Every structure is written in structure tokens, then in C-alpha cells.
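K.L.:
Following this message is one structure expressed as C-alpha cells.
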Amino acid sequence: MNPWIPFTAEVIGKRREALRVHTLRLRIRDEAVRNSYRFQSGQFNMLYLFGVGEIPISIVSDPAESGFLDHTVRVVGKVSAGLVGLKKGDTIGLRGPYGSAWPLDEAQGMDVIIVTGGLGCAPVISVINYVAERRDRYGNLKIFHGVKTPRDLLYRKRFHAWQRHPNTEVYLTVDHPDREWKYNVGVVTNLFRQVRINPERSMVMMCGPHMMMHHAVRDLLAQGLGADRIYLSLERNMKCAIGFCGHCQFGPKFICKDGPVLRYDRIREWFGTGEV
């Protein structure tokens, strides 16, 4: 299949997650393409709004779920605003999947630690869903999620549901609480002091603002976690998704092709934490 040519996909469902954030459920119209389409957690598609443009969006559904693809879209520009404005039955272009995946096979038998901040938590949602549906394959699941205000908390119902799963801990925090907020207050890295992390049997998967990840990596390394046990999902201005245009270059790597999921010890020289 030509990586430049998008498939036609139909909106078959839509769910509001928060203010200006929606999850679109898409189905590839061509049955042969739909049946052969495969992806791994952490990969993304390029979603094309006809006549407007295309943007990279993480796939948040479970790879084992067939027939549809979920993408959480936050309004930040013309394309994302147009995508969020779509209705059931509308069509868009879709090409992919692209990029690297989370190390879910390597993490089997280990504790999985999810660290995420801000509104960019979509890349790890597929990880949480994947582990939650396969709890017998993994150790403890610890989820650390921080946002600025309670209004920014995406997937609120899902966080509460995940907390009820066996061997699963969910820690939520905000910078600016309201009167109804009953969880933690402060940056997400403050939560590490409340929880015992076993560095010998833990795998960390992280996404969010660069500065948050910068401090989280530093704190986790200080607790003895190996740099080869920390995986980050990085964001860059991806245009072509196949390493051709150069917009997403990161050191010697291209986020669209070598990432977005990258192991920390392989990128720390360019990540800027000062740990070399």
C-alpha cells in the first residue's frame, strides 16, 4: 500500500471526554484494508480532513479490538477543530499505522508504571486499556496523572473504573484544585513520594509536557530505576509520518519513524535532562 495515499474512514461513534476534547471511533470503509489493518499500542495514524489538512493522532483503542479505531482529538487548530466537529457518518482520510510501540511484551511479569501529565495523556491510554484487559500477564499497575485543573481531567470515569481493577493504583493530582477536588494537589512528580516503586521489577511508560517528563525522569533515576526501563512518547511537528520531510527530527532520529515511543537511555543526550 502506498504510504502517501489515505484510506477512507467513516465516523461510527463520538464521545466527549472534556472541554474541546472528543474521541472519534472510525471504521475503514474498504473491507479488505479493514481486515488486514494491524497496529500496536503507542502507534499513530495520520487523519486527513478533506480540503483542510492532516495531523498525527494516537490510536487509543486496544489492538485486539477489530473493526474500528479510536482516536482522542483535542482542539488546537483548524484540522483538529474540524475533526472534533464531525458527526456520525462523516468521512475522513486515514493513513497508517506509523511509529514505534510501547514495550508491552518486554513488560510482561513486571510492574507497569504510567506517568502522564496535562492533556496529552492519550498515548498511554492504550497501554492502560491493554494491561487492564490482561491483568494476569503483568504485576502491579500504577497510574500517575497530573493536570492543571479538575476541568482538564480527561477519562474521568475510566480512571475511577481502572482503580477498581486488581493490583491497580491510580493517583491523580492537580495544580489548582476547586472545592470539589478530593485528591492530591501539586505536580505529578510529588506523587512518587507516596508510593513504593520497586526499581528491579518496574517498567515506566510516560507522556506529557517535556518539562514534566524531564523532572519525572530525574526523580525515577534517583530512585534507582534503570534508564533502559523508562520509555517516553515524544511529540514533534510530524508532517509526512515516514521520515521524509524532516520536520520531526530529534537529534539523529525522526519521531515519526523512530518514535514516538523511545527508550530513555537511547535519547538522553538530546532529551536535555543533564543525565548522560
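The values are calculated or read from the model by the stated rules, or taken from the named source; none is laboratory data. These numbers come from a predicted model, not from an experiment. Here the Cβ is made from the backbone with ideal geometry for all residues, glycine too, and neighbour counts use every protein chain on show. These area figures cover heavy atoms from the full protein model, side chains too; ligands, DNA and RNA do not enter into them. Shrake-Rupley method; radii C 1.70, N 1.55, O 1.52, S 1.80 Å.
K.L.:
Restricting attention to segment 155-172, and to residues there that are open to solvent by less than 40 Å² (accessible area, probe 1.4 Å) and more than 18 Å from the chain's Cα centre (by Cα), which single residue is modelled with the lowest pLDDT?
P.N.:
Residue satisfying both the conditions and the ranking: Ala161.
K.L.:
Let me ask something additional. If a residue must be under 21 Å from Asn167 (Cβ atoms) and either among the hydroxyl-bearing types (Ser, Thr, Tyr) or in contact (Cβ under 8 Å) with a residue 40 or more places away in the chain (or both), how many such residues does segment 81-108 contain?
P.N.:
Counting residues in segment 81-108 that are under 21 Å from Asn167 (Cβ atoms) and either among the hydroxyl-bearing types (Ser, Thr, Tyr) or in contact (Cβ under 8 Å) with a residue 40 or more places away in the chain (or both) gives 5.
K.L.:
Can you list residue pairs whose Cβ atoms sit under 6 Å apart, with the first residue in segment 24-45 being at pLDDT 95 or above and the second being basic (Lys, Arg)? Count only pairs 6 or more apart in sequence or on different chains.
P.N.:
Between residues of segment 24-45 that are at pLDDT 95 or above and residues that are basic (Lys, Arg), the close pairs are Leu24/Lys14; Ile28/Arg34.
K.L.:
Looking at (1) touching a helix residue (DSSP H, G or I) at 6+ places or on another chain (Cβ under 7 Å); (2) under 18 Å from Pro56 (Cα atoms); (3) surrounded by fewer than 17 Cβ atoms within 10 Å (Cβ to Cβ), which is the one condition that is false for Cys207?
P.N.:
With (1) touching a helix residue (DSSP H, G or I) at 6+ places or on another chain (Cβ under 7 Å); (2) under 18 Å from Pro56 (Cα atoms); (3) surrounded by fewer than 17 Cβ atoms within 10 Å (Cβ to Cβ) applied to Cys207, the lone miss is (3).
K.L.:
Tell me which residues, restricted to segment 212-222, are closer than 24 Å to Ser126 by Cβ and surrounded by fewer than 20 Cβ atoms within 10 Å (Cβ to Cβ).
P.N.:
His214
K.L.:
Would segment 67-76 turn up any residue that is part of a loop (DSSP other than H, G, I, E, B) and closer than 24 Å to Thr149 by Cβ?
P.N.:
The answer is yes; a qualifying residue exists.
K.L.:
Follow-up question, since we're still on this one. Which one of these does Gly82 not meet: (1) open to solvent by 30 Å² or more (accessible area, probe 1.4 Å); (2) in a helix (DSSP H, G or I)?
P.N.:
Here Gly82 clears every test but (1).
K.L.:
Now for a different question. Can you pull out every residue in segment 38-61 that is more than 21 Å from Asn129 (Cα to Cα), crowded, with 19+ Cβ neighbours inside 10 Å and not aliphatic (A, V, I, L, M)?
P.N.:
Tyr48, Glu54
K.L.:
Could you tell me which residue of segment 223-243 is farthest from the chain's Cα centre (by Cα), considering only residues that are open to solvent by 80 Å² or more (accessible area, probe 1.4 Å) and closer than 23 Å to Ile125 by Cβ?
P.N.:
Residue satisfying both the conditions and the ranking: Asn237.
K.L.:
In segment 38-66, which residues are assigned to a loop (DSSP other than H, G, I, E, B), in contact with a helix residue (DSSP H, G or I) (Cβ under 7 Å, 6 or more places away or on another chain) and not small (Gly, Ala, Ser)?
P.N.:
Correct list: Val52, Val60, Asp62.
K.L.:
Now for a different question. Has segment 14-37 got at least one residue that is out of contact with any Ser or Thr (no Cβ under 6 Å at 6 or more places or on another chain), buried (at least 17 other Cβ atoms within 10 Å of the Cβ), part of a loop (DSSP other than H, G, I, E, B) and not hydrophobic (A, V, I, L, M, F, W, C)?
P.N.:
The answer is yes, given that some residue of segment 14-37 is out of contact with any Ser or Thr (no Cβ under 6 Å at 6 or more places or on another chain), buried (at least 17 other Cβ atoms within 10 Å of the Cβ), part of a loop (DSSP other than H, G, I, E, B) and not hydrophobic (A, V, I, L, M, F, W, C).
K.L.:
Please go through segment 244-259 and pick out each residue that is open to solvent by 10 Å² or more (accessible area, probe 1.4 Å) and either of a type in the set (A, V, I, L, M) or not in a strand (DSSP E or B) (or both).
P.N.:
Scanning segment 244-259 gives Phe244, Cys245, Gly246, His247, Gly251, Pro252, Lys257, Asp258.
K.L.:
Any chance you could count how many residues in segment 85-107 are in a loop (DSSP other than H, G, I, E, B) and either touching a His at 6+ places or on another chain (Cβ under 7 Å) or open to solvent by less than 40 Å² (accessible area, probe 1.4 Å) (or both)?
P.N.:
Qualifying residue count for the region: 9.
K.L.:
Taking the stated definitions as given, is Lys142 surrounded by 14 or more Cβ atoms within 10 Å (Cβ to Cβ) and closer than 19 Å to Cys207 by Cα?
P.N.:
So Lys142 passes the test.
K.L.:
For the structure I just gave you, tell me whether Pro177 is of a type outside the set (D, E, K, R), touching a residue at least 12 places away in the same chain (Cβ under 8 Å), over 22 Å from Val112 (Cβ atoms) and in contact with an Asp or Glu (Cβ under 7 Å, 6 or more places away or on another chain).
P.N.:
No: the conditions fail for Pro177.
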